[in-house]
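Trainee: Sharing a structure below in structure tokens format, with a few things to ask.
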Amino acid sequence: MPFKSAAQRRKFAQLLVEGKITPEVYEEWNRETGSAHLPERVGEKKPAKKKPAGRSRKRAGVPARRGAKPRSASTSKSRSGSTSRSRARSRK
């Protein structure tokens with residue numbers, strides 16, 4: 001795996017001198033990096049900016065719904081039961 005920065009290369013050289021990694025490991029990383037120009041340090045990636053939530057606009061030519069109420073859970077349950085009964089009656 002190649003080095004990502006010059007600081008990482010120096011750190012590996014320090015670990016090699018201290019005997020914490022083998023010369024083979026250091027050489028492998030150094031060989032894979034080659035003579036590529038490395039940045040001094042690699043910073044964290046900045047998170048993408050969040051897009052602002054879109055505003056809801058009134059649609060032109062569509063009248064507002066008055067008196068519409070959201071369905072409750074109990075209403076939808078009773079409707080599903082009655083629907084299956086009506087289907088059963090229609091099959092006879």
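None of the figures in this text is laboratory data; all of them are computed from the coordinates on show. Bear in mind that the values here come from a model prediction, so they are computed numbers and not experimental data. When we count neighbours, we look across all protein chains shown, and the Cβ atoms used for this are built from the backbone with ideal geometry, even at glycine.
Trainee: How large is the charge dipole for segment 1-42, taken about the Cα centre, if only the Cβ atoms of Lys, Arg (+1) and Asp, Glu (-1) carry charge, to the nearest 20 debye? Mind dumping the intermediate values first?
Mentor: Working: 7 positive and 6 negative charges, 46 e Å.
Around 220 debye, computed over segment 1-42.
Trainee: Give, in nm to one decimal, the length gained when the segment between E44 and W29 is fully stretched (0.36 nm per residue of separation minus the Cα-Cα distance).
Mentor: Working it through step by step, the gained length comes to 3.2 nm.
Trainee: Now a separate question. Please compare each pair in K20/K50; K4/K49; K49/K69 to a cut-off of 32 Å on the Cα-Cα distance and tell me which ones are over it.
Mentor: Pairs exceeding the cut-off: K20/K50; K49/K69.
Trainee: Starting from the exponent 0.38 and prefactor 2.2 Å, build the expected Rg for segment 1-42 from its residue count and divide its actual Cα Rg by it.
Mentor: So the Cα radius of gyration is 1.08 times the expected 2.2 N^0.38 Å.
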